[in-house]
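> One structure coming up, written as structure tokens, with questions to follow.
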Amino acid sequence: MTENAIMKIHAYKHQGQWVFDDDDRGLVKEPFVAGADTLLDIISEGKNAAHLIFSANDFPKVTHVINRVGESAGSYGGGTDYVFEATGITLPVWLCPALFKFFKEAPETIYVYATPGVYTEPGFLSRIIGKVLDKIEGVIN
């Protein structure tokens, strides 16, 4: 595992569930659950995707911070418990053992710069362009 100072992922909703892919780490449709999904609902501002840049070190433009509150040995099979706090919100967030594909040890604090995004299923744009070209061809002929 290579640990970078700043990492990024693109979270998106797949069949109603927040997930992300990271080919370099062997993660495909890795789900966000147990509070992490709710945090993404907040971060995404109602959109179906969010771009997340994160680090164990503070950096400019941080928009969200989660703080470790302990290791989880509960029914989720390990992982790390965090808490997100903002004005009027205290949200427990559990991060699964996939966290250790990004960090050697669970950081005390994870700093995040997040922006809402929009996700389209693979091939969506190709299908739309194909339909537009078919209509243009029908008008021309």
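The values are calculated or read from the model by the stated rules, or taken from the named source; none is laboratory data. What you are looking at is a predicted structure, and each value in this text was computed from that prediction instead of being measured. We place every Cβ from the backbone using ideal geometry, glycine too, and count neighbours over all the protein chains shown.
> Determine the pairs where a residue that is without any contact (Cβ under 8 Å) to a residue 40 or more places away in the chain, located within the stretch 36-55, has a partner that is in a loop (DSSP other than H, G, I, E, B) and not charged (D, E, K, R) with Cβ atoms under 6 Å apart, the partner being 6 or more residues away or on another chain.
LEU40/PHE32
> Can you name the number of the only condition in (1) aliphatic (A, V, I, L, M); (2) modelled with pLDDT of 80 or more; (3) surrounded by fewer than 15 Cβ atoms within 10 Å (Cβ to Cβ) that MET1 fails?
With (1) aliphatic (A, V, I, L, M); (2) modelled with pLDDT of 80 or more; (3) surrounded by fewer than 15 Cβ atoms within 10 Å (Cβ to Cβ) applied to MET1, the lone miss is (2).
> Just to be sure I understand, how many residues within the stretch 38-61 are in a loop (DSSP other than H, G, I, E, B), at pLDDT 85 or above, touching a Phe, Trp or Tyr at 6+ places or on another chain (Cβ under 8 Å) and not small (Gly, Ala, Ser)?
Result for the stretch 38-61: 4.
Rundown of residues vs (1) surrounded by fewer than 18 Cβ atoms within 10 Å (Cβ to Cβ); (2) over 14 Å from the mean Cα position of the chain (by Cα); (3) closer than 17 Å to GLY117 by Cα, yes/no style:
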| residue | (1), (2), (3) |
| --- | --- |
| GLY26 | yes, yes, no |
| PRO31 | yes, no, no |
| ALA49 | no, no, yes |
| ASP58 | yes, yes, no |
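> Name the single residue that is farthest from ILE110 (Cα to Cα) among those in the stretch 7-26 being in a strand (DSSP E or B) and in contact with a helix residue (DSSP H, G or I) (Cβ under 6 Å, 6 or more places away or on another chain).
Ranking the qualifying residues of the stretch 7-26, first place goes to TRP18.
> How many residues, within the stretch 38-47, are buried (at least 18 other Cβ atoms within 10 Å of the Cβ) and not hydrophobic (A, V, I, L, M, F, W, C)?
Qualifying residue count for the region: 1.
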